[in-house]
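One structure below.
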Amino acid sequence: MPSLFAEIRRRKVFQTFVPYLGFVWLILQIVSVVTPMVNLSPLFNTLVAVTLFAGMPVMLYLSWYFDFTMDGLVAIADNETGKVSPFGLSRWTILLLITLGSGFVAYRYFSNVQIEFAKASDGIKQTFIADSIAVLPFKDASADQDQAFLAQGLAEEITSLLGRTDGLKVAASSSTSALAEKGLDPVTIARRLQVDTALTGSVRVIGDQLKIRVELVDAADAKVLWSETFARKFSDIFIVESEIARSTVNMLQDTYIETGSLTNSASTKSTDAYVIYLKGREQYRKQTPESMKAARKLFEQAIGLDPEYAQAYVALADTIAMLAKGTNGIGHDAFFGVLDGDIARQLSEQNIEKALLRNPELSEAYAIRGLTLAYLSKQSDEALSFLDKAIKLSPSSAKSYMWKFAVLDKLGRYSEAWQALEKAYLLDPISIANQSNRGFYLSQQGLIQEAENQYNLLISEFPNSPLGYAGMASIEYNRANYSESILYWKQAHSISPDNDRYEKSYIGLLLELGLVNEARKLTSDSFYIPTFLLIEKKHSELIDEMNTRILANPDDPWVRFETAFYQMLIGNNSAAEKLLVPLLTEFSDGELYNMPLCSPAIEIAWALVEQDNNKESQPILRECERQLDNARQENIKDAFADYLGARLAALNNNEKLASQELSNAFENGWRQWWTKYDPIIAPLLETDTGKDIMIKIDDHLQKEREEVKQLNIF
């Protein structure tokens, strides 16, 4: 240290630096006097000060190598050699790094000062930092209580505006609305949604006058952080919505959004069009075929009043897409099934194009485009790009994440699908679809208790929704608790009697237990006739029935496959082979390798193996093995996957592995009655392990059969 201080004195570092400090003081004094005289911004003082202080590290570094004289910079000789070393590349590099570092620190400091100054100028006093918020439905403060559509719509629009802010988690309107309908207070709702703050308010319109009052509440202690009343003309509603969103972000985030920079994409020059649009949104939220038709008409009327209304085109496209026939894959069994799928797709895409032509930054437009591509055009990869664009524009779009999950799941990218689902659930945890899908994914990963908790929560919050009961039915089925599963399926079916999946699951489970007479009491659908005949061992009648169906549907490969499968189960292997082998070229890959049983591919591979055609059978078996490995790598735990493993091992003549896989399938709930008739694992069933497992399956099915009979539910 003495040597260092001696060197500092020799190089006159302090003698150089102290005058610089004096120079800084003098400049600041001059600036402080001149600034108000010429009416400069107070920030000018700060800018000069920050710039001068940022130069201090640079001055200190240069003073080590140079004397600052009236004649300029004079290089200082080294103490040991007495010679002047050149100011080489390494010294220039260090000087550059010091300059950049001090400049960066100065920039960050000045930026923060700018933000605080702007907030102070706006009258915003930031007392709370938060990264999450829920916007509750506003209260209808009108005398006649006839402005609920406006109150709810206002909250949705502000939610959408806030959702475009990076770093701010915004709970979905559907979740906040569902909890608000239960009469919960804002703090309870915020805590249930796991957000830090809640924005509440009321709205009233009298004539052309609009009055909105808002409050921002801390979820931790119910303290009001900010409140404001806006009294404007109704035509200024978009300005007010943007101002509320802007003030909220500035209050909570360590940033500043200037006036006019957070514009409302739902704006229109026609307030009448906006009112009709909000009424359309009110109908859309009811989610029934009738309400969706009404919503479509209202959105079309809004466009008629303002043909440039981009958001109305998006809403119309969304509504038309949801009116399509077909599976949507996001926790519901179908769209509303009113419009032909191709027609719905074309109309939806036309309206999306009109919307993006008028406003290319509409997140919802890209989300709806992704939906139509995925489920009405079957273009999953392209759909993902549109959904990613929607998420980029609106990071809190729960709907975009939900649809992205569905697309990724469809593509077999299960880990990514789970991440998207968790994000959707985080933003919209009350959503019936999100809760149902999350329960399903938890059960697939073997987290049965967590899945059960999720389904029970869904049942408690939405007792009139069949999805919670259907989820619990699946869990009990996987546990091989068939009597419990039947009760849940019966409950789901009673809530939604027109739902084919619930009816087929309910009746199908009865048939798995061999309760044909009980199943006959519930349905007269010809769909079940082959299964009835199979279980009753009326094999001749079964084959006659299936041959009739083949004649009636000569171009349907699935009918021939079903016939072949029945032939396999009744021991007519040669007849099954003749039907199966030609099917190899009639199914697409997507149809051929249906998981979790990789069917009908594995049955076709069996037929080829039986004919000693290894050239064609081996590629099929390898692809099924790849599909199984992929499912297991994604942590999918399923008795059907284990049974597929047993079938694959049996076809590859690996008896030890086949026995282990079959044992795993049984432990994980495999109790299919037709296992004993499956020719693919027939050699395995001749082993001690196979015989023991079949005895256990028969005993379990008999026990469950008796328990179901005692339920007295028929």
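The values are calculated or read from the model by the stated rules, or taken from the named source; none is laboratory data. Only a predicted model underlies this, so the values are computations on that prediction, with no experimental measurement involved. No Cβ is skipped: glycine too gets one built from the backbone with ideal geometry, and neighbour counts run over all protein chains shown.
Give, as residue ranges, the helices (runs of 4 or more DSSP H) completely inside region 1-72 that count at least 3 residues that are in the same structural domain as I94 (by TED's automatic domain parsing) and more than 60 Å from the chain's Cα centre (by Cα).
The qualifying helices (runs of 4 or more DSSP H) are 2-10, 13-37.
For region 418-476, name all the residues that are aliphatic (A, V, I, L, M), touching a residue at least 24 places away in the same chain (Cβ under 8 Å) and either in a helix (DSSP H, G or I) or assigned by TED's automatic domain parsing to the domain that holds P596 (or both).
A424, L426, L427, I432, A433, I448, A451, L458, L467, A470, A473, I475
Condition (residue is within 17 Å of V407 (Cα to Cα), within 22 Å of the chain's Cα centre (by Cα) and modelled with pLDDT under 80) applied to region 336-345: is it met by at least one residue?
No, because not a single residue in region 336-345 is within 17 Å of V407 (Cα to Cα), within 22 Å of the chain's Cα centre (by Cα) and modelled with pLDDT under 80.
Quick check on my filter: what residues within region 273-314 are outside any loop (DSSP other than H, G, I, E, B) and polar (S, T, N, Q)?
Matches in region 273-314: Q283, S291, Q301, Q311.
Could you please tell me which pairs satisfy a Cβ distance under 6 Å, a separation of 6+ or placement on different chains, a first residue in region 235-254 that is under 17 Å from A134 (Cα atoms), and a second residue that is among the acidic types (D, E) and part of a helix (DSSP H, G or I)?
Qualifying pairs under 6 Å: E241/E157.
I need every pair where a residue in region 368-381 that is assigned by TED's automatic domain parsing to the domain that holds F405 has its Cβ under 8 Å from the Cβ of a residue that is β-branched (V, I, T) and outside any loop (DSSP other than H, G, I, E, B), sequence separation at least 6 or different chains.
Correct list of pairs: I368/V314; I368/I352; R369/I352; G370/V407; T372/I352; A374/V407; S380/V407.
From N553, N572, which residue is of a type outside the set (D, E) and surrounded by fewer than 15 Cβ atoms within 10 Å (Cβ to Cβ)?
Among N553, N572, only N553 is of a type outside the set (D, E) and surrounded by fewer than 15 Cβ atoms within 10 Å (Cβ to Cβ).
Looking at region 638-689, which of its residues are of a type in the set (S, T, N, Q), surrounded by fewer than 17 Cβ atoms within 10 Å (Cβ to Cβ) and closer than 24 Å to Q567 by Cβ?
Within region 638-689, N652, N653, Q672 qualify.
Kindly evaluate R246 against the criterion of being among the charged types (D, E, K, R), surrounded by fewer than 20 Cβ atoms within 10 Å (Cβ to Cβ) and at pLDDT below 85.
It is false that R246 is among the charged types (D, E, K, R), surrounded by fewer than 20 Cβ atoms within 10 Å (Cβ to Cβ) and at pLDDT below 85.
Of the residues L393, L384, L408, L376, only one is more than 16 Å from the chain's Cα centre (by Cα), closer than 26 Å to L347 by Cα and of a type in the set (A, V, I, L, M); which?
Exactly one residue qualifies, and that residue is L376.
Pick from L487, L542: which is assigned by TED's automatic domain parsing to the domain that holds Y677, over 30 Å from I189 (Cα atoms) and assigned to a helix (DSSP H, G or I)?
L542
Being within 21 Å of S174 (Cβ to Cβ) and at pLDDT 90 or above is the filter here; which residues of region 261-276 pass it?
Scanning region 261-276 gives no hits.
Condition first: surrounded by 20 or more Cβ atoms within 10 Å (Cβ to Cβ), over 13 Å from the mean Cα position of the chain (by Cα) and among the aliphatic types (A, V, I, L, M). Now tell me which residues in region 433-458 satisfy that.
L442, A451, L458
Scan region 605-623 and tell me whether some residue there is modelled with pLDDT under 90 and crowded, with 16+ Cβ neighbours inside 10 Å.
No; the residues of region 605-623 include none that is modelled with pLDDT under 90 and crowded, with 16+ Cβ neighbours inside 10 Å.
Please work out if G514 is assigned to a helix (DSSP H, G or I), among the small types (G, A, S) and over 18 Å from Q567 (Cα atoms).
Answer is no for this residue.
Contact list please: Cβ distance under 9 Å, first residue in region 544-572 and in contact (Cβ under 8 Å) with a residue 60 or more places away in the chain, second residue in a loop (DSSP other than H, G, I, E, B) and surrounded by fewer than 17 Cβ atoms within 10 Å (Cβ to Cβ), pairs at least six apart or on different chains.
Taking only residues 6 or more apart or on different chains, the pairs are I570/K537.
Looking at region 359-385, which of its residues are assigned to a helix (DSSP H, G or I) and surrounded by fewer than 17 Cβ atoms within 10 Å (Cβ to Cβ)?
Answer for region 359-385, where residues must be assigned to a helix (DSSP H, G or I) and surrounded by fewer than 17 Cβ atoms within 10 Å (Cβ to Cβ): D381, E382, S385.
Determine if region 512-519 includes at least one residue that is of a type in the set (S, T, N, Q) and closer than 24 Å to N594 by Cβ.
no
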